[in-house]
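Structure, as structure tokens:
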Amino acid sequence: MKSTVEQLSPTRVKINVEVPFDELKPNFDRAYRKIAQQVRIPGFRPGKAPARVLESRIGRAPVLDEVVNEAIPAKYMEAVRSGEVRTLGQPDFEVTKLEDREVLEFSAEVDVRPDITLPDLGDITVSVDDVELDESEVTEQLDELRARFGTLTGVDRPAQHGDFVSLDLSATVDGEEVPDASTTGLSYEIGSGQLVDGIDDAIIGAGEGETRHFTTQLVAGEHAGRDADVSVTVNSIKERELPEPDDEFAQLASEFDTIDELTDDLRERLRRMKRVQQGVQARDKVLDELLDRVDVPMPDQILEQEISNRKHDAIHEFDHDEEAYKRSLTAQGGDPEEWENEVRTEAEKSVRTQLLLDALADQRDVNVDDSELTERIIYQAQRYGMNPDEYVRRAQEANQLGAIYADVRRGKALAEIVREVTVTDQSGSTLDLSELFGSEQDGESDEGEREATPEATAPETTASTEDGADSAANEGATATDR
């Protein structure tokens, strides 16, 4: 096999491949076996008809089609690896020459990682907010903990903010009932904002068994963006009684014996959370500084795929009806054109970030060991409420294990940069972020402070250097995003 690589742009190449038919014998053998199982020929058992008999019955063309469809992705992979081409995403294949029993020639256009020139980054300095803790925040945390141990008690009075009510809901648009907007026995905390706009104003002041009516704009479904007449009946009203914040409560709700010890622990947790927020802010500012300093050419197809992914996520709850989403956006005061621009801007930053961090990881020879990959998988599985084994299975089915590996590697590369730059707070103090991003010696971040690690630098990967080629070999030209 012969192959050449033609650079079309900084982010796209054309790989030309020439394969002699001698190299396709294994492909022909598999094609004959496969077709023989599908064709019934008198005098031969299924799968046993010889090649010459098959060709005399069905012709040579179906065999060639099968061979070409199988051979192209595999030979493409060989060309990518031999040429050390750093591919992104899926190739566009074209058969340029097919001479039976002689030669197969094809081309593959594909996006590639561009060459990125990295400047000296040692002079980066960023400033983050001070850690300021207000006692009201501690009180709020304690109240939230008390609420978890509260009890609901029925009351004989009109509903008010903070009450828990059982509701029956129904809605109509132009006199027609909306099935998706009707329900009975729905539990709702007044003021939580978990239901449609206007419902709190409607039911506050209503008594048990009372029905109220109001108008709201639906945000999902086939009537998204349209006004609906809503009828809501209050079936029951309960208020939450909180336990007293005393030593007895501390022993019930925690491992501490006194309320003072519990309060001190909540205060320290808040401080840690604010230090994590400092780390996140430092990480984001360092990344923005990197993006400002480094020119990253944009692979067009990867960008368009990222835009498509983001739109897909946004309109998912609208049955993937983009127009319904835009109507809902307009109804809520949004601008569809502005949304389109925001999606493109965010997608561009995401792709540039991935490419830049890949280049940094290459430059610094960053590697990911099995324990780090396992840790990420467990963390992601917990985020999605899944068993880690199930998460791995789904990631394998979606061809995304390579993307997970790439994201961990990018995070480690950015962590190295954050450790090296100067980070100060608004008071002028230089911060030590080794607790969050690890030290230069160990390179480990504190598991307890995971939210500050750079793993969420960019959204889920659209493509990584190697997995695009692997996916092409497995699935032809099918996209492998997420």
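The values are calculated or read from the model by the stated rules, or taken from the named source; none is laboratory data. Everything quoted here is computed from the prediction, not taken from an experiment. Don't worry about glycine lacking a Cβ; one is built from the backbone with ideal geometry, like all the others, and counts go over all protein chains shown.
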- in a loop (DSSP other than H, G, I, E, B) and at pLDDT 95 or above - does that describe any residue in the stretch 265-273? no
- Collect the residues in the stretch 132-149 that are surrounded by 15 or more Cβ atoms within 10 Å (Cβ to Cβ) and either assigned by TED's automatic domain parsing to the domain that holds ASP284 or farther than 30 Å from VAL286 by Cα (or both), keeping them in residue-number order. VAL138, GLN141, LEU142, LEU145, ARG146
- Task: May I ask you to list the residues in the stretch 78-129 that are aliphatic (A, V, I, L, M), more than 30 Å from ASP432 (Cβ to Cβ) and assigned to a strand (DSSP E or B)?
- Result: LEU88, VAL95, LEU98, VAL103, LEU104, ALA108, VAL110, VAL112
- Item | Residues within the stretch 240-255 that are touching a Leu at 6+ places or on another chain (Cβ under 7 Å) and either in a strand (DSSP E or B) or surrounded by fewer than 17 Cβ atoms within 10 Å (Cβ to Cβ) (or both), tallied | 2
- Query: In the list VAL294, VAL366, which residue meets the criterion of being surrounded by fewer than 18 Cβ atoms within 10 Å (Cβ to Cβ), within 27 Å of ALA415 (Cα to Cα) and out of contact with any strand residue (DSSP E or B) (no Cβ under 7 Å at 6 or more places or on another chain)?
  - Reply: VAL294
- Query: Among the candidates PHE44, PHE21, which residue alone is surrounded by 12 or more Cβ atoms within 10 Å (Cβ to Cβ), of a type in the set (Phe, Trp, Tyr) and in contact (Cβ under 8 Å) with a residue 60 or more places away in the chain?
  - Reply: PHE21
- Query: Which of the residues that make up the stretch 130-154 are touching a Lys or Arg at 6+ places or on another chain (Cβ under 6 Å) and in a helix (DSSP H, G or I)?
  - Reply: VAL138
- Item | Enumeration of residues in the stretch 315-346 that are among the aliphatic types (A, V, I, L, M) and outside any loop (DSSP other than H, G, I, E, B) | ALA324, LEU329, ALA331, VAL343
- Message: Residue under question is VAL232, and the condition is that it be surrounded by 15 or more Cβ atoms within 10 Å (Cβ to Cβ), within 34 Å of the chain's Cα centre (by Cα) and touching a residue at least 60 places away in the same chain (Cβ under 8 Å); does it hold?
- Response: no
- Query: Mind checking whether some residue in the stretch 419-426 is at pLDDT below 70 and not assigned by TED's automatic domain parsing to the domain that holds ASN69?
  - Reply: no
- Near pairs, Cβ below 8 angstrom, 6+ apart or cross-chain, from the stretch 253-273 (closer than 17 Å to ASP134 by Cβ) to any residue that is modelled with pLDDT of 95 or more and charged (D, E, K, R): LEU270/GLU137
- Considering residues that are more than 17 Å from PRO299 (Cβ to Cβ) and in a helix (DSSP H, G or I), the number found within the stretch 347-365 is 3
- Among ALA171, ALA159, ALA202, which is within 29 Å of ALA331 (Cβ to Cβ), among the small types (Gly, Ala, Ser) and part of a helix (DSSP H, G or I)? ALA202
- Give ALA361, ALA398 a once-over and let me know the one that is surrounded by fewer than 18 Cβ atoms within 10 Å (Cβ to Cβ) and either touching a Gly at 6+ places or on another chain (Cβ under 7 Å) or among the small types (Gly, Ala, Ser) (or both). ALA398
- From ALA463, ALA413, ALA403, ALA473, grab the single residue that is modelled with pLDDT under 50, crowded, with 19+ Cβ neighbours inside 10 Å and not charged (D, E, K, R). ALA463
- Identify all residues within the stretch 106-126 that are surrounded by 15 or more Cβ atoms within 10 Å (Cβ to Cβ) and of a type in the set (S, T, N, Q); write none if there are none. SER107
- Note on the structure: Within the stretch 377-394, restricting to residues that are surrounded by 18 or more Cβ atoms within 10 Å (Cβ to Cβ) and touching a residue at least 24 places away in the same chain (Cβ under 8 Å), the one that is farthest from VAL408 (Cα to Cα) is GLN380
